[in-house]
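Structure first, then comments.
The values are calculated or read from the model by the stated rules, or taken from the named source; none is laboratory data. Since the structure is predicted, the reported quantities are computational estimates derived from the model, not experimental observations. Here the Cβ positions follow ideal geometry from the backbone for every residue, glycine too, while neighbour counts run over all protein chains shown. Just the protein is used for accessible areas: all its heavy atoms, side chains included, with ligands, DNA and RNA removed. Shrake-Rupley method; radii C 1.70, N 1.55, O 1.52, S 1.80 Å.
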Amino acid sequence: MAALTNAQQCSGNASMCPGNQDGVSSTYLQCNSWSHQYETANCAAGQVCYANPNKPGTAMCGLPGTGGQPGQGKCTGNTAKCTAPGQTGAYLQCENWSGQYVNSNCPAGLKCYNNSSNTGVFCQ
């Protein structure tokens with residue numbers, strides 16, 4: 001992460017989109033808890049920054065035009081759930097830093113199944 005010049009002061013795990021603009025930038029600003037200044041970080045390839053509807057004061061990354069998929073729900077930890085168990089390989093994986101589910105897929109040809117406790121998935 002690169003420190004910004006004339007950076008705003010911040011605290012904790014605060015993050016935001018540059019210019020507070022949703023769906024525009026492929027980067028986001030993450031608070032460095034040591035220096036208390038925002039630093040630029042990159043979203044995953046093909047994703048853009050959105051304000052996180054589940055954690056006010058933080059940003060999240062999502063596919064352009066989706067608003068970061070706020071409808072997929074709030075999550076915690078390393079949880080995951082299949083979007084169509086046993087039918088497709090698509091599933092939602094919790095992105096721990098944003099508390100938001102993001103799209104993911106099983107390897108080609110495999111289908112997604114929820115585990116017995118409904119907290120994770122396996123592909124077969």
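Data table
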read-out: Elements of type strands (runs of 3 or more DSSP E) in the range 82-124, at least 3 residues being at pLDDT below 95; value: 90-95, 100-105
read-out: First in the range 111-122 and touching a residue at least 40 places away in the same chain (Cβ under 8 Å), second anywhere and part of a strand (DSSP E or B) and open to solvent by less than 70 Å² (accessible area, probe 1.4 Å), Cβ under 6 Å, 6 or more apart; value: Gly120/Ala80; Val121/Ala80; Val121/Cys82; Val121/Tyr91; Val121/Cys112; Val121/Asn114
read-out: Test result for Thr58, of a type in the set (Ser, Thr, Tyr) and surrounded by fewer than 16 Cβ atoms within 10 Å (Cβ to Cβ); value: no
read-out: Subset of the range 83-96 [within 25 Å of Gln47 (Cα to Cα) and open to solvent by 80 Å² or more (accessible area, probe 1.4 Å)]; value: Asn96
read-out: Pick from the range 26-38, criterion under 14 Å from the mean Cα position of the chain (by Cα) and polar (S, T, N, Q), ranking: most open to solvent (accessible area, probe 1.4 Å); value: Ser26
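Residues are listed down the side, and each one gets a yes or a no for (1) open to solvent by 30 Å² or more (accessible area, probe 1.4 Å); (2) at pLDDT below 90:
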{"residue": "Asn6", "(1), (2)": "yes, yes"}
{"residue": "Gln9", "(1), (2)": "yes, yes"}
{"residue": "Ala14", "(1), (2)": "no, no"}
{"residue": "Pro18", "(1), (2)": "yes, no"}
{"residue": "Gly23", "(1), (2)": "yes, yes"}
{"residue": "Thr40", "(1), (2)": "yes, no"}
{"residue": "Gly46", "(1), (2)": "yes, yes"}
{"residue": "Asn52", "(1), (2)": "no, yes"}
{"residue": "Thr79", "(1), (2)": "yes, yes"}
